[in-house]
Structure formats: C-alpha cells, structure tokens
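S.K.: Below are the structure tokens for one structure; questions will follow.
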Amino acid sequence: MAETPPFGEEPTGEPHDHDHAPSGAPGRDTPPATPGKVAMWLFLATEVMFFTGLIGSYVVLRAGSPPGSYSNLFPPGTDLASRAGAVGLVLLDPGEDPDKVAALVAEAGGLPAEEADRFVETAGEIGEAVVLVDSPYEPSDVEGWRQRLAEAGASVEVRGLESFAWPPPYNGLVNPLSIDLTALNTFILICSSVTMVLALAAIQRGDTLRLSLWLLATILIGSTFLGIQVYEYIQLIGPTIECSVAVSGWHVAVAVPLAALLLLALLQARKTEGRTAAVVLLSLVLVACYEVVSILGLTADLDAEFLEAIGPVTTALRLDEALYQADIGPIELGHRYSVGVGASGHFRPSSSLFASSFFTMTGFHGAHVTGGVLALTLIWLRSLFGGYSKESHAVVELAGLYWHFVDLVWIILFTVVYLI
Amino acid sequence: MDPTGTPTTVVVAHREHSSHVKAYLRVFLALLALTVAEYLYARLLTDAPAALLIGGLLVLAVIKAGLVGLFFMHLLFEGRWKYLVLVPTTFLASVTVLGLVPDLAYRQDDRAGAPPDHVASAGEEP
C-alpha cells in the first residue's frame with residue numbers, strides 16, 4: 001500500500017491518477033481510498049441523514065395534513081364547515097387595461113392601490129387569483145363585480161369552494177411555486193456540476209488555465225442559481241424595503257470586497273504567469289459590467305416592459321432604485337397572491353405548514369450552495385496563484401464531491417417539493 | 001498513470017482523459033433530457049392517479065441522482081471501500097423514512113372514515 005501523503009497533496013480519485021491498484025480489487029483500475037476522500041464521504045453520509053430527516057418530516061407532515069387544510073377561497077387553516085356554500089370571483093386575465101381593472105379590484109377587495117396593482121400583475125402572470133368571496137361571514141355582490149370587471153375588459157369567472165389536504169402543483173390559487181422557473185434553475189445547477197467535473201478533468205491533465213476558467217464558470221453558474229432562488233424568495237415573501245435607512249449598502253457589501261480580492265489576485269498574478277493575469281482581468285471586467293448595468297438601471301429611464309422581460313434582474317434594479325432614492329419611503333417588492341396562498345397575500349414561513357416546510361428545505365439547501373460557492377471561490381483564487389498541479393489537486397476533487405452532492409440533493413428536492 | 005511517463009503512456013492517458021470528458025458530457029445530456037422528461041411528465045399527468053404520478057417522478061429523480069453519484073462523484077470507479085460508507089447510510093436513511101410508513105397508513109385510515117362532505121374536495125392526499 002502506498003505511503004499516505006499529507007492532506008492536500010494526496011493522490012485523487014480519478015481512475016488514472018495513481019500508481020497501484022488497491023489491494024482487494026485485482027484486475028480493476030480503481031483509485032485509492034485516500035484519507036481526505038473517505039473523510040469527505042463520511043461527511044456526506046451525515047448530510048444524507050440530515051436531508052433524509054428533512055424529507056421524511058415533510059412526507060409525514062404532508063401525508064398527515066387533514067382534508068380541508070387548504071382551499072381556493074380562504075386562507076390556509078380556515079374552518080370550512082360553515083362556509084360550504086361560499087363562492088369566489090376569480091380574475092383570470094386583466095385584459096388590455098390593467099390599471100382600470102386594478103382600480104376596480106382595489107374597490108371590490110378593499111385593497112390599497114399599490115397592492116391592487118401588484119395583485120392584478122401577479123394574477124396576469126400566474127393566470128388566476130380570487131378577487132373577493134361571498135360567504136355567510138363576508139357577504140359580497142360577486143355577480144355585480146363580475147359584470148363590472150368584465151365590462152372593463154378583464155376575464156373573470158365565479159367558482160365554488162374547493163378544498164385540498166395539501167396545495168397541488170399548478171394551482172395558482174393555493175400553490176404559488178413557479179415550476180417553470182425552478183425547472184430552469186435545476187437545469188442551471190446541473191450545468192454547474194458539469195463545469196465542476198470539467199475543472200477536475202482539466203487539472204488531472206495538468207491544465208491549470210482551464211482549471212481556473214471552469215472553476216470560475218462553476219462559481220458564476222452557482223451564484224446564478226442562488227440569485228434565482230433569492231428572486232423566487234422575494235417574489236414569494238413580498239418584503240418591504242425601508243428606504244430611509246438603506247443606502248447603497250448592497251454595492252458596498254458586494255463590490256468592494258470583490259474588487260479588493262481581485263486586485264490582490266492581480267498583483268500576485270504579475271509575479272506568476274501571464275495567462276493567470278488574463279483570467280483575473282476578465283473577472284474584474286465582469287465585476288465592472290455588473291456595476292455599469294446596475295448604474296444604468298438607476299439613471300436611465302428604461303422601458304418597463306424591458307425590465308419585466310429581463311426577469312430576475314428587475315428585482316435587483318428595483319432594489320437598487322429603492323436604495324438610492326432614500327426619500328421615497330418604504331417600497332414593497334414581490335408578488336401579491338390570492339388569499340388561498342396566505343392570509344396576507346404573501347407566501348411566508350408563517351403562512352402555512354406548506355410554506356414553512358418549503359422554506360426550511362430549500363433554505364437549508366441554499367445555505368449549502370452558498371457554502372459551496374464560497375469554498376469554490378477560495379479554491380479558484382488559489383488556482384490563480386498556481387496552487388494546484390497535476391500531481392496535487394485533492395482539494396479540487398473534494399470540493400467537487402461536495403458540489404455534486406448539493407446538486408444531487410436538489411434533484412430530489414425539486415421532485416418532492418415542487419413536482420409532487 | 002505509468003511512473004515511467006514515456007510519450008506513449010502520456011498519449012494513452014490523454015486519450016483516456018478525453019474519453020472521460022466525453023462520458024461527462026453524455027451524462028450531462030442525459031440529465032438534461034431526464035429533467036425535461038420530468039417536467040413534461042409532471043405537467044401532462046397532473047390529474048393522473050397519485051401512484052402513477054409520484055412513482056414515475058421518483059423513478060426519474062432516482063435515475064438522475066444515480067447518474068450524478070456514479071459518474072460525477074466517481075462512485076462507479078471507486079474500490080470496495082465505498083460500500084462501507086454507502087450501505088450503512090442507505091440502510092439508515094431507508095429505515096428513517098420507512099419507519100414512518102405505519103404512522104402514515106394509520107392517519108390515512110382515520111381520514112377515510114371522515115370525508116369532508118361539506119365541500120367539493122379535490123386533489124386529496126394519496
């Protein structure tokens with residue numbers, strides 16, 4: 001058996017990256033069981049148990065949820081026994097004059113004007129939302145409002161009460177999760193797994209430049225996954241930003257440490273190889289581009305439809321706008337959902353058992369992805385200084401194992417939480 | 001890798017690395033295809049029986065997770081030591097979930113005796 005090298009310099013798990021076949025596996029070209037790799041797998045075993053605990057709890061909570069816990073016309077947990085004959089007016093499409101429809105919705109549902117705007121906007125995106133309900137506790141002229149909204153060009157209909165034990169997918173009246181957006185995010189995370197494995201393959205060939213580039217790609221794609229998850233959370237939770245106390249902290253928090261780190265990397269790179277300097281410069285350009293786009297979003301009068309079209313960036317720009325215009329007061333972000341999603345019109349951990357389960361599971365996964373991005377960033381910076389070679393790159397493989405595990409967990413979570 | 005490092009050995013090693021990269025890319029394409037299949041399956045069979053919907057989606061998810069573990073995490077290539085980690089973990093994780101099944105069954109039995117007849121019920125738990 002080969003002598004055990006110190007941590008960080010041990011042979012790695014790639015099938016061709018060793019000198020001897022391990023004992024007990026004659027004739028098979030298997031990599032050695034290095035201490036670092038075994039330790040990482042033991043850690044991942046504990047992570048498997050952690051996520052199994054979460055998923056097992058979710059299964060119990062879901063299967064044990066009694067019928068009637070969720071309905072299309074009332075907030076989760078409402079006693080439906082005395083509301084059996086309730087009917088609701090459902091907005092399917094605001095039509096060509098959403099402002100007029102929003103004014104009517106504000107009047108019918110008793111919503112503030114800004115909330116009514118976001119309610120109509122959300123209904124247009126999701127495809128349905130309950131405007132008002134006629135029940136023994138809340139008598140309303142549903143038919144009269146249906147006619148007024150229809151005359152304003154909106155597509156509306158009156159529906160009876162439907163109840164569910166658990167919010168089914170693709171039902172916007174009780175389940176606000178966007179499967180389309182999350183399927184895209186799943187695709188993005190799978191892409192990051194591929195770039196990670198290509199980074200490992202590069203350093204196994206001794207190609208340090210491609211190692212740095214694939215690591216950078218993994219970090220950027222992983223950050224994109226996190227960005228979309230944050231966007232999803234903002235849309236669901238609908239936070240209120242207090243502009244009076246928020247200045248340009250976002251850019252200070254993000255850009256300054258990044259710029260400092262990259263400047264340091266640039267100075268170090270001058271002492272090593274010219275091509276690593278190119279990678280650092282490319283990264284600096286990326287950071288600069290981010291700042292330029294943000295500033296453009298603040299100063300230029302961009303077309304509203306363009307802002308909507310670019311999706312997640314819109315939220316970031318709105319946040320920027322809120323941060324810079326400190327005198328405009330509190331600003332609300334995100335969607336304003338139908339009442340069946342949550343009593344407040346938002347999907348927050350306190351809204352329902354479904355909501356708290358969702359945020360617990362996806363939140364813990366997001367924390368794992370964040371840890372992975374931070375670790376990969378450190379490894380990438382070290383790679384710029386020539387910290388890894390064909391003979392010594394165990395850390396890259398161990399980080400890769402962790403990253404692929406996070407991808408694997410998301411594959412299961414996406415299926416269990418979103419699709420089923 | 002051959003410790004002699006002769007040019008011939010280097011060329012062979014390079015070819016083997018290239019074949020691994022090709023394998024990674026094939027797995028990547030398979031994962032994408034399975035993700036699209038999963039998405040379409042869930043979308044088209046939304047109203048299908050729960051066993052068909054959940055069973056099909058879980059099979060697809062397990063295949064995807066298996067591909068990531070076997071190829072990207074190199075489990076396919078590791079020696080027998082991997083079973084020392086995988087077998088106890090799989091056993092304990094299975095027991096953790098399966099141990100809850102009797103509870104789920106009892107809850108569903110209780111619920112079957114008291115259907116909510118005051119409202120039109122839809123999409124009840126399988």
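The values are calculated or read from the model by the stated rules, or taken from the named source; none is laboratory data. All figures in this text were calculated on a predicted structure; none of them were measured in a lab. We place every Cβ from the backbone using ideal geometry, glycine too, and count neighbours over all the protein chains shown. Keep in mind that these areas ignore ligands, DNA and RNA; they rest on the heavy atoms of the full protein, side chains included. Shrake-Rupley method; radii C 1.70, N 1.55, O 1.52, S 1.80 Å.
S.K.: Check A:Gly371, A:Gly400 and return the single one that is assigned by TED's automatic domain parsing to the domain that holds A:Val230 and either modelled with pLDDT under 95 or basic (Lys, Arg) (or both). Before you say what the answer is, go through the steps one by one.
M.R.: On the way: A:Gly400 fails: either modelled with pLDDT under 95 or basic (Lys, Arg) (or both).
Every option except A:Gly371 fails the conditions.
S.K.: Only one of (1) of a type outside the set (A, V, I, L, M, F, W, C); (2) open to solvent by 10 Å² or more (accessible area, probe 1.4 Å); (3) modelled with pLDDT under 95 is not met by A:Ser383, so which one is it?
M.R.: For A:Ser383, the failing item is (2).
S.K.: Working only within segment B:31-47, note down all residues that are within 7 Å of chain A (Cβ to nearest Cβ) and of a type in the set (Gly, Ala, Ser).
M.R.: Hit for segment B:31-47 is B:Ala42, nothing else.
S.K.: Exactly one condition in (1) assigned by TED's automatic domain parsing to the domain that holds A:Ser351; (2) open to solvent by less than 10 Å² (accessible area, probe 1.4 Å); (3) over 19 Å from A:His346 (Cα atoms) is not met by A:Leu198; state its number.
M.R.: (2) is the only condition that A:Leu198 fails.
S.K.: Follow-up question, since we're still on this one. Since A:Ala103 meets every condition but one in (1) within 14 Å of another protein chain (Cβ to nearest Cβ); (2) open to solvent by 40 Å² or more (accessible area, probe 1.4 Å); (3) in a helix (DSSP H, G or I), which condition does it not meet?
M.R.: (1)
S.K.: A follow-up question, please. Pull up segment A:154-180, narrow it to residues that are open to solvent by 40 Å² or more (accessible area, probe 1.4 Å) and more than 8 Å from every other protein chain (Cβ to nearest Cβ), then point me to the one that is nearest to the chain's Cα centre (by Cα).
M.R.: Here the answer is A:Ser178.
S.K.: Determine, yes or no, whether A:Leu398 is of a type outside the set (D, E, K, R) and out of contact with any helix residue (DSSP H, G or I) (no Cβ under 8 Å at 6 or more places or on another chain).
M.R.: Numbers: of a type outside the set (D, E, K, R): yes; out of contact with any helix residue (DSSP H, G or I) (no Cβ under 8 Å at 6 or more places or on another chain): no.
It is false that A:Leu398 is of a type outside the set (D, E, K, R) and out of contact with any helix residue (DSSP H, G or I) (no Cβ under 8 Å at 6 or more places or on another chain).
S.K.: Before we move on, is A:Gly77 over 30 Å from A:Val158 (Cα atoms) and surrounded by fewer than 18 Cβ atoms within 10 Å (Cβ to Cβ)? Steps first, please.
M.R.: Values: over 30 Å from A:Val158 (Cα atoms): no; surrounded by fewer than 18 Cβ atoms within 10 Å (Cβ to Cβ): yes.
Answer is no for this residue.
S.K.: Next up: Of everything in segment B:72-98, what is more than 7 Å from chain A (Cβ to nearest Cβ), open to solvent by less than 50 Å² (accessible area, probe 1.4 Å) and touching a helix residue (DSSP H, G or I) at 6+ places or on another chain (Cβ under 6 Å)? Give them in sequence order.
M.R.: Passing the criteria: only B:Leu75.
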